[in-house]
Amino acid sequence: MTPEPALSVRELLAFYLEAGVDCALANEPINRLAEPDIAPKRADVVPVQPARPAPVPLILPPGETPAAPDAAIASAREAARTAPTLTDLRQLMERFDGCSLKATATRLVFSDGNPEARIMFVGEAPGRDEDIEGLPFVGRSGKLLDRMIGAIGLDRTKAYIANVIPWRPPGNRTPTPQETQICLPFIQRQIELVDPDVLVTLGNPSTQTLLGTREGIMRTRGRWFDYHTGTRVIRALPTFHPAYLLRSPAYKRLAWQDLLAIAKVLRQSS
Ligand code: URA
């Protein structure tokens, strides 16, 4: 049998790009899928790590052995429910090991902005720039989101921004329904703790996940929904995701109408 010819560097890079490896984060490759205790360690380059708190356990009902995703969802729900503050929630998510996206992401992307804000924006999931910086909406679509927020006289000191999924899916692929269900209790708790007057869901995935609708964004945008936190009802408005507006600028006109409706409700409820 003739052996396969070795890949050229160019072909290898093209393969990586197609597989979603679109940026170099460090000089040395890191196998994030390796078992931590069998991963090779180089004593000369590995800095001394501070003691890490124990990972959040997956909590199973006594005597039951549910499938792993169910256990992860139950564990996320229980962990999120007991987080008394945003700081606690963030720490708990840093330790949560129930979502496989954490293994391939560089870091948790928790939130940006003001936790006291009256308006909260929720997107789908971090992309490459967010994964590098650890903040939501800092790439191209983030710049447009800043302009949208600016158009109603606000900025990140007066708004709170987060995502349904707090870890970047590899290669920016669409999160699976399972990953979304595992992460959902965390964003729900975040909304409950921020307790804004207006919740803006950006794009279809965020709208359908948080507002429990199966309708598409063309039908839901600009329509007010009730978001129930369990203790309060928050007014929620879906609008287009800024990444979509970058691809389809003609819809900016409708997004502008949504922003005016948001500004009006904020004025009325102040
Ligand atoms: N798209 C999102 O949905 N969220 C981000 O943080 C960045 C891009």
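The values are calculated or read from the model by the stated rules, or taken from the named source; none is laboratory data. Since we're looking at a predicted model, the values are computed, not measured. Virtual Cβ from ideal backbone geometry, glycine too; neighbours counted across all protein chains shown. Note: areas computed on protein heavy atoms with side chains; ligands, DNA, RNA excluded. Shrake-Rupley method; radii C 1.70, N 1.55, O 1.52, S 1.80 Å.
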Loop sites in the range 174-270: trypsin sites (Lys or Arg not before Pro), DSSP, at most 13 other Cβ within 10 Å: Arg214, Arg232
Glu11 paired with Lys158, simple spin-label distance in nm, labels 7 Å along Cα-to-beta-carbon: 5.7
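Gain in length, Asp226 to Gln257, computed as 0.36 nm per residue apart minus the alpha-carbon separation, to one decimal in nm?
9.2 nm
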Cβ-placed point charges (K, R +1; D, E -1), dipole of the range 176-249 about Cα centre in debye, nearest 20: 260
Accessible area of Leu260 in the full protein assembly, 1.4 Å probe (Å², nearest 10): 80
Heavy-atom accessible area order for Arg156, Arg77, largest first, 1.4 Å probe: Arg77, Arg156
Average accessible surface area per residue within the range 86-202, 1.4 Å rolling probe, Å²: 37
Gyration tensor (alpha-carbon) shape descriptor, the range 153-196, a/c threshold 1.5: oblate
Virtual spin-label span in nm between Glu133 and Gln91, 7 Å along Cα→Cβ: 2.7
Accessible-area order (highest first, 1.4 angstrom probe) of the listed residues Phe96, Phe225: Phe225, Phe96
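Can you say what percent of the DSSP beta bridges in the range 108-255, counting only those with both residues inside, are antiparallel? Round to 5.
Percent antiparallel among DSSP bridges in the range 108-255 is about 30.
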Efficiency of FRET between Thr174 and Glu78 - r from beta-carbon atoms, R0 22 angstrom, step 0.05: 0.25
